[in-house]
Structures are given as C-alpha cells and as structure tokens.
1. Between TYR128, TYR93, TYR60, which gets the highest mean-square fluctuation from a Gaussian network model of the chain, Cα cutoff 10 Å?
2. Summing Lys, Arg as +1 and Asp, Glu as -1, what charge do residues with Cβ under 15 Å from the Cβ of ILE241 carry, ILE241 excluded?
3. Listing VAL70, VAL208 from the residue with the fewest other Cβ atoms within 10 Å to the one with the most, what is the order?
4. Got a sec? Which residues in region 69-112 would a label at SER31 touch, if it sits 7 Å along Cα→Cβ and we count backbone N under 17 Å?
5. Straight distance only, please: which lysines reach the Cα of LYS199 with their own Cα at less than 29 Å, same-chain residues fewer than 8 apart left out?
6. Suppose every K and R has +1 on its Cβ and every D and E has -1 on its Cβ; what is the size of the dipole of region 54-143 about the Cα centre, in Debye to the nearest 20?
7. Loop only per DSSP, at most 13 neighbouring Cβ atoms within 10 Å: give me the trypsin sites (Lys or Arg not before Pro) in region 33-73, ordered by residue number.
8. Pairs of Cα atoms under 8 Å, at least six residues apart: use those to get the relative contact order of region 143-214, whole percent.
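Every number in this text was worked out from the coordinates using simple rules, so none of it is lab data. In this text, all values refer to a predicted model and were calculated from it rather than measured experimentally. No Cβ is skipped: glycine too gets one built from the backbone with ideal geometry, and neighbour counts run over all protein chains shown.
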Amino acid sequence: MPELPEVETIIRQLREKVIGQIISKVQISRSSQWKLNDADEVTEKLIGKQIHRIRRLGKYIIFDFSDGGVLIIHLRMTGKLIWSDADVEPEKYTRTIFHFASGGTLQFNDTRALGTLVFLPPGDVEKYSPVLGLEPLDESWTLKALRERIKNSGLDAKSFLMDQKKIAGIGNIYASEILFRCRIHPERKINELTEAEIKSLYEQIPLVLNLAIEKMGTSLGDGEGNFRSVYNIEGEFQKLIRVYG
C-alpha cells in the first residue's frame, strides 16, 4: 500500500505537470470506485475544472480546483497515478483516465480496485473530511503532542504507529522500519515506553519518512500492484530497508 512517502512523491511530481491544467474529458471504467458520485454525472461535472493546487492529507491526495471544488483520491493497496504527455489507451487495470486540454493524461490504475475517488463541488467540501492524527511532516508534529497521544493509548507500538487517527500516513513498511531503528518491539505497549524511547520515536518518524521521500518511496516485489511514481518509475527506499521484507 502506498504510504506517506509514496503519496508525497506522487504529489510533488504531479505539481510539475497538472497545476493550472484544465480537465477536458474523464473516462471511467470502474464506477464503483467513485464514492458519493454517479459516474455519468461526475464525468460531466469535472469537464472544465482547473487544478489550482495539489496537497496531501495523510495518505489522501487532494486536488483543489480553482472554483473551490475538490477531488480526493485514496490509492489503498494497489492504486497508481500515471502521467503521460500524450493521449493514451486504457491499460488492463486502468479504472479512470483524466484528459487535459493541453493533451496530457493522468491514469488512475488499480489492480485490486480498492482505491477510492470522491468529487465534491464548491459548498459540499465539508461532507467528506477524514479524521486523521498528527501529521509527521508539519508544524503539528511536536514531542508534546506525540507524548500526549501515547499516554492515552493502550495499543501496541506498531498498531499505534499505523492508527491513522493517531499519526497520519504510516503503514506497515514504515512502522516496521521506524520501530527497528528505535529498538522498540512492535508488540510492546506504547504507553509503557520510556521518555528516551518516546523521544527516539519523535526523531525517527520524520527522519525515516523524509529519507524515503528522497528515494521516491518503496517498491517491494515485481507484480502489477508494486508502487510506481507518476512517471511509472519504481522507488528506491527498499534498498535501505533494514527489517521489512
């Protein structure tokens, strides 16, 4: 599953390609992945929308349109967003294609079809607001805030790191790597950690995530579900992983 580093990699690459772009056509071949939207209606409503900004919220990819509407994508287990400068034909696992007035396309490919897409027009944005925990890469990430969440949790260490309502964006791969580097057993109760161990977590979480972003994420295995960037290139953090896989 794409985690925070993979999603952040995708967003940074998409900013190079789609900011200011205008959607000219949308092809949907798997309508069940569009939540809260009728496939026929959303293809019409998205035409003419201009992308103003792209941002990340945990593992969610959010496209902000110039009129105030948003498109929210969660890649889940095997979702990918692949850019092409030219018009392309759907691949075997292509679920939606966004065509742009410039001639470029963005394919949403998803082997297991578990990813989700939600379009919210202006005025409806508050209808779909994921409840997430601390964001490890922004100003909300403080030792005090982490300590407070740890104190009030009875989860084991790995479950705590993977709980999106505690910390946003961490999944199995990075939880394992972070705990290994901190020398904390994954089954240990998080509220039993020493102050030194909490401080180690506080330091290692953003350190590992930022290092993975520098390496453009982690690609494990060689199947269709393996992570690939917007340019259809595998990440390289798997070469540095000390414990997972």
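1. Greatest mean-square fluctuation among the candidates belongs to TYR128.
2. With Lys, Arg at +1 and Asp, Glu at -1, the net is -2.
3. By the 10 Å Cβ count, ascending: VAL70, VAL208.
4. Within reach of a label on SER31: 95-97.
5. Straight-distance partners of LYS199: LYS59, LYS144, LYS151, LYS158, LYS165, LYS166, LYS189, LYS215, LYS239.
6. 420 debye
7. Passing both the DSSP loop test and the Cβ count: LYS35.
8. Computed over region 143-214, the figure is 36 percent.
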